[in-house]
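I have placed the structure first, in the form of structure tokens, so that the comments after it can refer back to it.
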Amino acid sequence: MNINKYPEIVPGRKFLKEFYVGIMLWVVGRALQVAAKVDKEVKAELAKLPNNFTLRMMVAPEKAFPLFFYAKLLPSFVTDIGLLPYGIQMFLHKDKEGNIKYIGADPKGKKADLSVIFTSIEAAWLVLSFQESTATAYMHGRFVVEGDLPHSLTFVRALDIVEVFLLPKIISGLAVKRYPKWSEMSLMRKFWKRIVIYIRAFTIG
Amino acid sequence: MHIPDHYEFLNHSKIISGKCALETIPAELGGYDAQKPLVIALKSVVERGLKKKFIKTFSNSMVVLGGIYDEVREYAGISLAQDAAILFKARGCDSIIALGCGPAVDLAKAVNVLVSEKIDNLSAHYEGAAIKGPLKPLIVVTAGRSNGREAANALVVDNRELVSDFLCPDVFIIDPRMTPGSCGESVAESGATAMAQAFAVLTDRGINPMTAAVAHPAMSYLAEYLAKGVKRPKNRQASVALANASVMASAAYSNSRPGMANLLAGELAEATGISAGRFERIILPSVIAAMLKKKAWIEDDLYLAAAGIDGYAATPAGERTQRGLEVSLNIVGGLKKVLPVSLSEMKVQKHFLEKAAKAAAAKSGKRFTEAECASVLAQAWDAAGKVK
Amino acid sequence: MLLPSFYDFCCRVKTISGHKALEAIPGLLAGMNARRPLIVTDKGVAAVGLIGIVKKALGSKLKIGAIYDNVPVDSDYKVVDDAAKVYKKKGCDSIISIGGGSVIDTAKGINIVASLGSDTLLDYQGFGAVNRKLNPHVVIPTTAGTGSEMTLVAVIADPDRKIKMLFVSYFILPDIAVLDPRMTKTLPGFLTAATAMDAMTHACEAYFCLEKNPMSDGHAYRAIKLISDNLLKVVKNPGDMKGRLALANASALAGVAFSNSMVGVVHNLGHTIGALCHVPHGNAMSILLPYGMEYNLHKSGDIIGEILLPLGGAEIYASTPKKKRAEKVVELIRKMNQDLHDATGGRHPRFLKEITDRNGKQIVPHSMLPTIADCMMLDGARMSNPEEVLPADAILILEHAWEGTPLNRKKINKGGKKVKY
Ligand SMILES: [Fe+2]
């Protein structure tokens, strides 16, 4: 038998989806950082996490791509949004005073206390393009959680609130189980905060 | 609900069905510490252009496909398994993916025995040597025509059967990108096989709650989607439902006793070399007609599964057995004339029938007599099992 | 039948059920090349003589390596490590666990340590740490309820860090579950009732929570039917071996269903009450089940209504209008609790305020409810519930369940779409 007839296959990459997911992780990270400052509810939710706590969101597998030698030459903006060198991930850190800060995409020297891991790039795409709600995605095993379960629930809840802030109802209505009624979240609060979070996420943080 | 005084049940395979099911394979393999599978594919599936789609789902993962061995056609022979085993070893693979149903799965199981037990052929096992331990992880991606043995603890290579619990595949992937059929005929044949299996489980007197729980959704999906799937083989929803039904029926059936239709079809298939699914399509209506005539009592599970909750509850208790059989007859009827409906149409030699009746009765463990089998076959000769 | 857009299902436990199921164990172990099992159990099980029955059934073909009966009610990793040492010292090659949820979970932990080689369970925390086939594990449940014999989870405490460690892997699934009515025969009526209602809750929640799928439905349906047909009979007549076998089957079926479809608000609150007030799990379940259904009625009423068929039978189902079916289900569960309350001489509590300890003291004081509602947010079961559950919602449910009044459904915070399964 000629075994060369059946070559070994190294599957490729989905660059567009990688790019989108990388950017979305960056947006989510920055938005959480800002929301924790400007919104009481998100703040209260994240206050349940212990101080000096590092959270990671990433797409499996972590070691998918060998470090490119030129990775270090790229502007930090590129590495920050999770492109190319490190697999796609982002880190949030809660410091001793309880402030939440987005601390980039470079895993070097960081030890995550809680990891939210999308099981594949396609899974991350389904969730971050809001085709599946966080709850549905959890049910469908699109992401797994490494670390203490209570912490991950806290995080998912904070994420849900931020989603309502960031997205128009027609999209976030799909992403959360119960869209807050006006009694729970005032129109003012939502729109004002939507603007503030967007502006600050992309600027001062 | 009937609980036998003693029963054993095993449904080893994990089922992953639906949107992006294929993308879960790397994680599943990772759970077994494996990342280099050998793919054993049906030629027909590859020819339909599904190979590219399949490979693409592994993007951005650590998995490397050790090779796609796509020489599997209708027949599973040991020489193919040996070739694939050579490829497996040469590439240093650690797991197997069967892309396609039927012979691809039989072969994948055989290859798995060869490479896990480090042997060249299966003859020792045919002689009765037991398979010693867990084999390499085996994932089945369902596509193409099913022979009803996919989820079973058995393989058939060169028409010889080998049974062991270790042969059950570890994972079934049912993905809407892979399941749509090529033609109504192949959908009908898989459907007839699943139907015969689910029917056998649900009408068996030794039925237990576990087999019933697995055969129930199989029968429900067949009732709802078989006619639609045969008419429109490319319909994604129907094809996913029917693929589910095939896997579930096969899993339940491997825990149950064969029914008359399965036994007779098996005998005729062996004698003629035509696939059993075609005979099941022909014989099942006659078997049901005979059961209707005999007014045999069967468990409620059949009617519940076939008619759904509302239909079941609306029928008085005394009529459920009969209605269950009638609905089953209708489900088979949904196959219309996509496949031949009588043995005479198939030009089966008449002397095969006698032999088949005798052998089936002998294998039934005294559940059916030779005369009963013969009369069913006589009916099936000219499709007397009426379809409403 | 519902076809979910995505689902997965797995239960690779071999089930042996029957009045003489225990006798099959030696042959099955031999089939897995195991000859020297460690028996893991607790003092309670040993005290009622169940070990003797098992030993007799195992006969002389099997050499028992050792019997470890030191599993406490709240088992922790130190017990696991200790037992694993015994396992290695006595040269065992497999485990037979005999007991309820705690024993089975401990045995799962022992199997991890004993099979993978390290000295302590602490080495195997985290996702993917258990990544190969473990040694053979046979489970003989002695309560018909927890369904642990069918689940891939082991919950084991770490008293030093005051946390519960969760081990999840398909390799943790036992190889064989043995359902033999002799093992539950001595279970007193009120415990039979509580554990069976736990199984009932598994089945019902599996049926209406978000991860439901065709396979879990098939299992859950049969579990509900078997329990509703047999539970009261068995509580009234403890020697009913057919009924006992049916309940053991139901518990296993419900275990298969919920380990593949997850549970919702009932378990969410039940776990929390259990952790904070030490309410027996089964009691919390039977009390909260009707409330959990009422709470989800506006989101999943049609699905909950389907439960009426196995629960009440075809006649009641057919004669109840579609819109009223879900409410009828809630009513029947309440009636079941009442019947069990009567049949056990009041030992089966119907409301939270009725639960008392041995000295007749109330276990769940009203003042605890806000704390329970806050801590509820930390339990994973809230993810799979059809309706969102926040502390304000939890307090609504708890108040009613404490008092024993039906849930005031007008007060439920509604919003969002009907559930798409
Ligand atoms: Fe429970």
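The values are calculated or read from the model by the stated rules, or taken from the named source; none is laboratory data. These figures come from a predicted structure and were not determined experimentally. Glycine also receives a Cβ, built like all others from the backbone with ideal geometry; neighbour counts cover every protein chain displayed. Surface accessibility is based on the protein's heavy atoms, side chains included, excluding ligands, DNA and RNA. Shrake-Rupley method; radii C 1.70, N 1.55, O 1.52, S 1.80 Å.
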* Set B:Val327, B:Val348, B:Val332: member being within 25 Å of B:Met1 (Cα to Cα) and β-branched (Val, Ile, Thr) -> B:Val327
* Any residue in segment C:328-339 that is surrounded by 24 or more Cβ atoms within 10 Å (Cβ to Cβ) and within 14 Å of chain B (Cβ to nearest Cβ)? -> yes
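Taking into account only those residues within segment C:138-152 that are within 14 Å of another protein chain (Cβ to nearest Cβ) and modelled with pLDDT of 85 or more, which is farthest from the ligand (Cβ to nearest atom)? Even if it seems obvious, please write down each step before you answer.
Initially, segment C:138-152 is screened for residues within 14 Å of another protein chain (Cβ to nearest Cβ), giving C:138, C:144, C:147, C:149-150, C:152.
Remaining after also requiring modelled with pLDDT of 85 or more: C:138, C:147, C:149-150, C:152.
Details: C:Val138: 22, C:Gly147: 7, C:Glu149: 13, C:Met150: 12, C:Leu152: 15 Å.
Selected residue: C:Val138.
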* To do: For B:Lys51, state whether it is within 12 Å of chain C (Cβ to nearest Cβ), open to solvent by 30 Å² or more (accessible area, probe 1.4 Å) and within 18 Å of B:Thr142 (Cα to Cα).
  => no
* Structure fact -> Looking across segment C:71-95 at residues that are outside any helix (DSSP H, G or I) and within 21 Å of C:Lys55 (Cβ to Cβ), the single one that is nearest to the chain's Cα centre (by Cα) is C:Val71
* Asked: Do we find that C:Glu315 is away from the ligand (no atom under 16 Å from the Cβ) and over 23 Å from the mean Cα position of the chain (by Cα) in this structure?
  -> yes
* Asked: Hey, does segment B:299-308 have a residue that's in contact with a strand residue (DSSP E or B) (Cβ under 9 Å, 6 or more places away or on another chain), in contact (Cβ under 8 Å) with a residue 12 or more places away in the chain, within 14 Å of chain C (Cβ to nearest Cβ) and not aromatic (Phe, Trp, Tyr)?
  -> no
* Name the pairs whose Cβ atoms lie under 7 Å apart, with the first residue in segment C:253-265 and without any contact (Cβ under 8 Å) to a residue 24 or more places away in the chain and under 15 Å from C:Leu210 (Cβ atoms), the second near the ligand (Cβ under 9 Å from one of its atoms) and open to solvent by 10 Å² or more (accessible area, probe 1.4 Å), and 6 or more positions between them or separate chains? -> none
* Asked: Does B:Gly92 qualify as being part of a helix (DSSP H, G or I) and surrounded by fewer than 24 Cβ atoms within 10 Å (Cβ to Cβ)?
  -> no
* From B:Cys183, B:Cys168, grab the single residue that is modelled with pLDDT under 90 and out of contact with any Asp or Glu (no Cβ under 9 Å at 6 or more places or on another chain). => B:Cys183
* Asked: Of all residues in segment C:226-242, which are crowded, with 24+ Cβ neighbours inside 10 Å, away from the ligand (no atom under 15 Å from the Cβ) and either within 11 Å of chain B (Cβ to nearest Cβ) or under 17 Å from the mean Cα position of the chain (by Cα) (or both)?
  -> C:Leu226, C:Leu231
* Structure fact -> Within segment C:254-286, the residues that are near the ligand (Cβ under 8 Å from one of its atoms) and surrounded by fewer than 24 Cβ atoms within 10 Å (Cβ to Cβ) are C:His281
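So that you can scan it fast, the table gives a plain yes or no per residue for (1) part of a strand (DSSP E or B); (2) in contact with a Phe, Trp or Tyr (Cβ under 7 Å, 6 or more places away or on another chain); (3) surrounded by 21 or more Cβ atoms within 10 Å (Cβ to Cβ):
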site: C:Thr15; (1), (2), (3): yes, yes, yes
site: C:Glu23; (1), (2), (3): no, no, no
site: C:Leu38; (1), (2), (3): yes, yes, yes
site: C:Val45; (1), (2), (3): no, no, yes
* If we keep just the residues of segment C:153-167 that are within 16 Å of the ligand (Cβ to nearest atom) and not basic (Lys, Arg), which is farthest from the other protein chains (Cβ to nearest Cβ)? -> C:Ala154
* Given (1) crowded, with 21+ Cβ neighbours inside 10 Å; (2) farther than 30 Å from A:Met139 by Cα; (3) within 11 Å of another protein chain (Cβ to nearest Cβ), index of the condition B:Pro26 fails -> (2)
* Asked: If you scan segment C:178-193, which residues turn out to be open to solvent by 10 Å² or more (accessible area, probe 1.4 Å) and within 16 Å of the ligand (Cβ to nearest atom)?
  -> C:Leu191
* Evaluate segment B:255-265: report whether one residue or more is closer than 27 Å to B:Val105 by Cβ, in a helix (DSSP H, G or I), polar (S, T, N, Q) and in contact with a Ser or Thr (Cβ under 8 Å, 6 or more places away or on another chain). => no
* To do: Can you give me the ranges of the helices (runs of 4 or more DSSP H) entirely in segment B:307-388 with at least 1 residues that are within 16 Å of B:Ile274 (Cβ to Cβ)?
  => B:350-363, B:370-381
* Asked: Of everything in segment B:266-293 that's in a helix (DSSP H, G or I) and polar (S, T, N, Q), which residue is least open to solvent (accessible area, probe 1.4 Å)?
  -> B:Ser286
* To do: Scan segment B:220-256 for residues that are facing chain C (nearest Cβ under 9 Å) and crowded, with 24+ Cβ neighbours inside 10 Å and report the count.
  => 7
* Can B:Lys109 be described as closer than 20 Å to B:Tyr32 by Cα, assigned to a loop (DSSP other than H, G, I, E, B) and either of a type in the set (Phe, Trp, Tyr) or more than 14 Å from chain A (Cβ to nearest Cβ) (or both)? -> no
* To do: Would you check which residues across segment C:100-128 are small (Gly, Ala, Ser) and open to solvent by less than 30 Å² (accessible area, probe 1.4 Å) and list them?
  => C:Gly100, C:Gly101, C:Ala107, C:Gly109, C:Ala114, C:Ser115, C:Ser118
* **Selection count where residues are open to solvent by less than 10 Å² (accessible area, probe 1.4 Å) and more than 11 Å from the ligand (Cβ to nearest atom), scope segment C:205-216** => 7
